[in-house]
1. Take Arg85 and decide whether it is more than 25 Å from the chain's Cα centre (by Cα), of a type in the set (Lys, Arg) and either at pLDDT 95 or above or more than 21 Å from Phe123 (Cβ to Cβ) (or both).
2. Restricting the search to the range 112-133, which residues are at pLDDT 85 or above and not in a strand (DSSP E or B)?
3. Can you go through Leu114, Leu102 and tell me which one is within 30 Å of Leu139 (Cβ to Cβ), surrounded by 11 or more Cβ atoms within 10 Å (Cβ to Cβ) and in contact with a Cys (Cβ under 7 Å, 6 or more places away or on another chain)?
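The values are calculated or read from the model by the stated rules, or taken from the named source; none is laboratory data. Just so it is clear, the model here is predicted, and its values are computed rather than measured. Reconstructed Cβ throughout: ideal geometry from the backbone, glycine too, with neighbour counts over all protein chains shown.
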Amino acid sequence: MTKKKADKLNADEIVDAIQDPQIQVRKCVEYLPCRFTQEEIIEMSQEQARTYQDLIELEDRKKQIMADLTADIKKKEATMGALSRKINSGYEHRNVACEWILNFRDNKKTLVRLDMQIEELAFIVREMPLSDTDRQASLELAEKGKDEPAESRTEETAGPAPA
């Protein structure tokens, strides 16, 4: 048998080679190039389209996740900044229960904190002169009190009972 490339041998030559006792045929598997069929090309094209769509969706998810993480990081940075300012200053402003003590004899009013009373001493926030509105409100209460029995007047003006 003459040497020919395998892709040039015809079926008769292969049969003749198998029947010759001086020629042995051994089966094996080789990794060789193979031309795709039309069906394989269509199938791979469809898989490529699906894969491309999946890739686009993954990139969109990545963008969304990155945006979410960036927003979360910014929130944490803002919280860290606020906490740092509070720690450095040592205080923060809060709504605190207070009372105005109106002193008509000295013509002044005093704002005291109710959350920092120590041994019945109030913490004074500020003092200022009585305003016309303060004095007017006092006159209106006094006028209203004249029409009520003495028992109810003392309850209103006495203020809260000591604790």
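1. Working: more than 25 Å from the chain's Cα centre (by Cα): no; of a type in the set (Lys, Arg): yes; either at pLDDT 95 or above or more than 21 Å from Phe123 (Cβ to Cβ) (or both): yes.
No, not satisfied.
2. Restricting attention to the range 112-133, the residues satisfying the condition of being at pLDDT 85 or above are 112-115, 123-133.
Matches in the range 112-133: Leu130, Ser131, Asp132, Thr133.
3. Values: Leu102 fails: in contact with a Cys (Cβ under 7 Å, 6 or more places away or on another chain).
Just a single option satisfies the conditions, and that option is Leu114.
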